[in-house]
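I have placed the structure first, in the form of structure tokens, so that the comments after it can refer back to it.
The values are calculated or read from the model by the stated rules, or taken from the named source; none is laboratory data. Nothing here was measured: the structure is a model prediction, and the numbers come from that model. FYI the Cβ positions are ideal-geometry reconstructions off the backbone, even for glycines, and counts take in every protein chain you see.
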Amino acid sequence: MSALPPYATTGQRVWYYSFRVICGLIFFFLIAPIVVIIPLSFNAQDFFTFTPEMLRLDPEGFSLKHYRDFFNNDSWQSAMWNSLKIAPMATLLSVSFGTLAAIGLSQQHVPFRRAIMAILISPMIVPLIISAAGMYFFYSRIGLQGTYLGVVLAHAALGIPFVIITVTATLVGFDRSLTRAAANMGADPVTTFFRIQMPLILPGVISGGLFAFITSFDEVVVVLFVGSAGQKTLPWQMFIGLREQISPTILAVATILVAISIMLLTTVELLRRRSERLRGMSPG
Amino acid sequence: MSDTTQNGPVLAADGTPLKRSLAKALRLQKLRALMLIAPLLLFILVTFILPVGDMLFRSVDNRIVQEVLPKTVDALESWDPDSSELPDEAVFAALAVDMKAAAELKVHTRVAKRLNYENPGMSSVFRKSGRKIGKWDVENDGPYKERLIELDDGWADLELWRTIKTYSGTRTAGYFLNAVDLKLGADGVEVRPETERIYNTMLIRTMRMSLIITFSCIMLGYPVAWLLANLPTRKANLLMILVLLPFWTSLLVRTSSWKILLQQQGVINDVLVWIGLVADDNRLVLINNELGTIIAMTHILLPFMILPMYSVMQTIQPTYLRAAKSLGATNWTAFWRVYFPQSVPGIGAGSILVFILAVGYYITPALVGGTKGTFISNLIAYHISTSGNWGLGAALGSILLAVVLLLYWVYDKIVGIDNVKLG
């Protein structure tokens with residue numbers, strides 16, 4: 001599909017261009033709903049559609065009103081702080097447990113590897129409502145329901161599959177003779193891990209961490225069940241807003257979240273390319 | 001030197017047979033690997049597997065009837081539910097004792113609620129009697145049969161006694177039967193009355209809509225994956241961002257954006273009116289119905305279809321297509337007979353993934369589905385947080401989980417969980 005050869009028939013030309021148009025439309029479908037939120041969030045009115053002033057690009061039609069609402073409203077602010085308190089802790093837990101296990105899983109001889117892998121990936125596969133219901137019952141029984149710790153533990157469990165997947169993928173390209181060389185020169189396993197292995201798999205660990213972070217940061221079903229009013233997160237607040245009275249402040253929040261996603265996506269892509277480049281250079 | 005020429009086993013440096021010392025090293029290696037995995041496995045077990053197991057157990061748990069009405073259950077042992085006579089005085093006396101004790105602890109409403117799921121109307125009989133019996137002197141206030149029936153003629157109903165007898169065990173299949181619109185009558189499984197049947201419709205709707213969503217994802221994802229796999233790397237990477245950005249964007253952002261776009265006064269209807277396709281007073285209803293759920297979920301799940309398709313299509317050699325064409329195949333034949341069969345694994349992987357994610361969706365159907373576009377998950381959430389019928393919620397959840405795990409197993413067989421890729 002590089003370019004049309006000069007001898008292409010009219011039918012081939014028509015197909016070539018119409019195929020590109022179709023793909024263009026699908027890309028439009030993918031991206032438009034996210035992009036359209038951004039200009040709408042600067043609406044000076046409380047409408048969810050473009051006002052005539054906005055279409056004329058009249059500066060009167062735009063304002064930062066909804067952003068001001070977001071930063072001055074107590075429930076939005078406390079929701080944001082809750083999210084920022086929960087997600088990093090959950091990420092820390094999933095990354096530390098997950099990396100350790102991923103290293104264990106990528107050893108040459110692991111008994112029951114497939115079964116263990118299936119269990120560790122399951123939080124990603126089991127429908128969220130089932131995890132949420134189960135955690136609600138179980139955590140209320142052991143007194144974790146409605147506590148900060150409960151939500152953090154639940155979110156850490158949900159983030160673990162992402163850490164396992166990204167870190168094991170990075171470890172596939174890891175050259176084992178490096179750890180042997182380190183051991184040969186007298187490094188103990190802990191030193192080998194922190195000085196040799198960790199720096200090399202760090203991109204994978206960071207991407208896994210970002211995945212875990214965004215999982216917790218976006219998660220709403222589990223927190224609805226496991227959390228109480230004191231753990232109301234940003235997605236929870238958005239969910240309530242969307243279900244009850246939908247206020248245009250949501251547009252501003254959504255735009256901020258899109259900006260965060262773009263930042264995370266860029267970081268992950270840069271890390272992935274870097275690790276691909278490094279892997280291309282190392283043997284095996 | 002002379003040692004090695006002997007016929008004995010090969011020895012390691014420390015004198016143990018090499019075989020044994022290698023086996024020991026291997027064991028050590030395995031142990032070390034397991035030690036590294038153990039903390040996480042334990043963590044997942046406590047925070048995730050046990051809770052899910054706990055929920056599954058609730059779907060068959062029926063201890064409540066025996067806990068609250070122990071004497072009645074014992075006394076009913078000798079009563080034949082097929083007979084057309086009410087249980088004898090002993091049973092009623094036992095019931096009076098149980099009810100008084102239960103009313104003091106205020107637990108009679110719980111058993112009332114439990115039995116009401118199986119036989120609507122029982123709740124009021126229990127509640128009303130509970131209030132009164134609490135004041136009785138159960139030692140010498142007989143005969144209880146007459147008094148109880150006088151209190152509420154619901155106690156003279158044979159069906160009520162049959163229900164108590166049927167649901168007196170500590171385990172029950174009742175919730176599961178309820179979840180598929182059946183019930184356990186005195187003489188076996190029977191179909192629920194027409195007005196109480198909702199769960200089968202719901203299960204079928206969830207399956208049907210998930211299939212439609214999966215199919216639309218295939219139709220939209222295939223051309224894009226093909227384009228990405230066949231463009232030069234630089235361009236493909238650039239376009240890939242358009243696929244990955246939705247993947248990374250918060251689910252709630254995407255759902256709220258659809259909610260805003262699809263409204264009757266929303267952007268899409270505005271554009272359609274402006275072009276003149278739709279009259280202003282006849283705006284399309286795109287939200288709070290099946291269509292809204294399908295559009296929004298197709299958009300949300302599309303990246304999960306494109307990514308596996310793309311990674312399979314990348315491995316297909318373009319030379320095969322050229323070879324087919326040089327052998328005289330038309331473009332269509334070359335695609336359909338040569339390219340398409342090789343891309344089927346990608347379609348399979350993507351479809352299972354999308355379907356698994358779709359059947360369990362909760363947030364999007366709850367927000368854009370209205371009443372007609374909701375899924376089984378929404379019903380589970382309703383039973384767990386609103387109606388309080390946890391057993392039924394758990395049974396519906398178990399059915400959903402069984403479907404998902406079956407597909408997970410198939411996915412593992414076909415694709416392998418190790419090969420799941422993110423971005």
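Brief remarks on what is shown
- Evaluation of B:Lys19 against (1) in contact with a Pro (Cβ under 7 Å, 6 or more places away or on another chain); (2) assigned by TED's automatic domain parsing to the domain that holds B:Glu159; (3) part of a helix (DSSP H, G or I) (one fails), failing number: (2)
- Residue count for segment B:317-347, restricted to those that are surrounded by fewer than 16 Cβ atoms within 10 Å (Cβ to Cβ), of a type in the set (A, V, I, L, M) and more than 41 Å from the chain's Cα centre (by Cα): 2.
For every residue, the table says whether it meets (1) more than 9 Å from chain B (Cβ to nearest Cβ); (2) among the charged types (D, E, K, R).
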position: A:Ile26; (1), (2): no, no
position: A:Ile37; (1), (2): no, no
position: A:Pro52; (1), (2): yes, no
position: A:Lys65; (1), (2): yes, yes
position: A:Lys85; (1), (2): yes, yes
position: A:Gly98; (1), (2): no, no
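For (1) crowded, with 19+ Cβ neighbours inside 10 Å; (2) among the aliphatic types (A, V, I, L, M); (3) closer than 30 Å to B:Gly266 by Cα; (4) modelled with pLDDT under 90, each residue gets a yes or a no:
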residue: A:Ala183; (1), (2), (3), (4): no, yes, no, yes
residue: A:Ala212; (1), (2), (3), (4): yes, yes, no, no
residue: A:Phe217; (1), (2), (3), (4): yes, no, yes, no
residue: A:Val221; (1), (2), (3), (4): yes, yes, yes, no
residue: A:Leu224; (1), (2), (3), (4): yes, yes, yes, no
residue: A:Ala229; (1), (2), (3), (4): no, yes, no, yes
residue: A:Gln237; (1), (2), (3), (4): yes, no, yes, no
residue: A:Val268; (1), (2), (3), (4): yes, yes, no, yes
residue: A:Met281; (1), (2), (3), (4): no, yes, no, yes
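- Test for B:Thr249: is it under 19 Å from B:Phe304 (Cα atoms), touching a residue at least 60 places away in the same chain (Cβ under 8 Å), facing chain A (nearest Cβ under 9 Å) and among the hydroxyl-bearing types (Ser, Thr, Tyr): no
- Condition check for B:Asp153: acidic (Asp, Glu) and touching a helix residue (DSSP H, G or I) at 6+ places or on another chain (Cβ under 7 Å): no
- The residues of segment A:9-23 that are surrounded by 12 or more Cβ atoms within 10 Å (Cβ to Cβ) and either modelled with pLDDT of 90 or more or under 26 Å from B:Leu245 (Cα atoms) (or both), listed by number, are A:Phe19, A:Arg20, A:Ile22, A:Cys23.
- Residues that are away from chain B (no Cβ under 11 Å) and touching a residue at least 12 places away in the same chain (Cβ under 8 Å) within segment A:1-24 comprise just one, A:Leu4.
- For segment A:134-168, a tally of residues being surrounded by fewer than 22 Cβ atoms within 10 Å (Cβ to Cβ) and small (Gly, Ala, Ser) returns 3.
- Number of the exception - A:Ala90 against (1) within 10 Å of chain B (Cβ to nearest Cβ); (2) in contact with a helix residue (DSSP H, G or I) (Cβ under 7 Å, 6 or more places away or on another chain); (3) surrounded by 15 or more Cβ atoms within 10 Å (Cβ to Cβ); (4) at pLDDT 90 or above: (1)
- Residue count for segment B:50-108 under the criterion of being over 30 Å from A:Ile142 (Cβ atoms) and loosely packed, with under 14 Cβ neighbours inside 10 Å: the result is 8.
- Residue count, segment A:223-249 (criterion: more than 22 Å from A:Val36 (Cα to Cα) and within 10 Å of chain B (Cβ to nearest Cβ)): 4
- Flag for B:Ala156 being in the same structural domain as B:Ser83 (by TED's automatic domain parsing), at pLDDT below 90, under 29 Å from B:Ile380 (Cα atoms) and not charged (D, E, K, R): no
- Residue check for B:Leu105: more than 30 Å from B:Ala402 (Cβ to Cβ), in the same structural domain as B:Asn178 (by TED's automatic domain parsing) and not charged (D, E, K, R): yes
- Single residue of segment A:148-177 satisfying the filter (assigned to a helix (DSSP H, G or I) and without any contact (Cβ under 8 Å) to a residue 12 or more places away in the chain) that is farthest from the other protein chains (Cβ to nearest Cβ): A:Ser177
- Subset of segment B:257-293 (residues that are surrounded by fewer than 20 Cβ atoms within 10 Å (Cβ to Cβ), more than 13 Å from every other protein chain (Cβ to nearest Cβ) and of a type outside the set (Asp, Glu)): B:Ile275, B:Gly276, B:Leu277, B:Val278, B:Ala279, B:Asn282, B:Leu284, B:Val285, B:Asn289, B:Leu291
- Residues in segment A:201-220 include at least one that is of a type outside the set (Val, Ile, Thr) and over 16 Å from the mean Cα position of the chain (by Cα).
- Qualifying residue in segment B:299-311 (condition: farther than 30 Å from B:Thr249 by Cα and assigned by TED's automatic domain parsing to the domain that holds B:Ile241): no
- Here B:Val312 meets each of (1) farther than 17 Å from B:Ser257 by Cα; (2) buried (at least 16 other Cβ atoms within 10 Å of the Cβ); (3) modelled with pLDDT of 90 or more with one exception, condition (3).
- When segment B:121-136 is filtered for residues that are farther than 14 Å from B:Glu104 by Cα and aliphatic (A, V, I, L, M), the ones remaining, listed by number, are B:Met122, B:Val125.
- Considering (1) modelled with pLDDT under 90; (2) under 29 Å from the mean Cα position of the chain (by Cα); (3) within 14 Å of another protein chain (Cβ to nearest Cβ), the lone condition that A:Gln108 does not fulfil carries the number (2).
- Any chance A:Pro203 is touching a residue at least 40 places away in the same chain (Cβ under 8 Å), crowded, with 19+ Cβ neighbours inside 10 Å and either closer than 22 Å to A:Ile164 by Cα or away from chain B (no Cβ under 13 Å) (or both): yes
- Only residues that are under 19 Å from A:Gln197 (Cα atoms) and assigned to a helix (DSSP H, G or I) were counted in segment A:95-114, giving 11.
- In segment A:39-69, the residues that are within 29 Å of the chain's Cα centre (by Cα) and modelled with pLDDT under 90: A:Pro39, A:Leu40, A:Ser41, A:Phe42, A:Asn43, A:Phe48, A:Thr49, A:Leu64, A:Lys65, A:His66, A:Asp69
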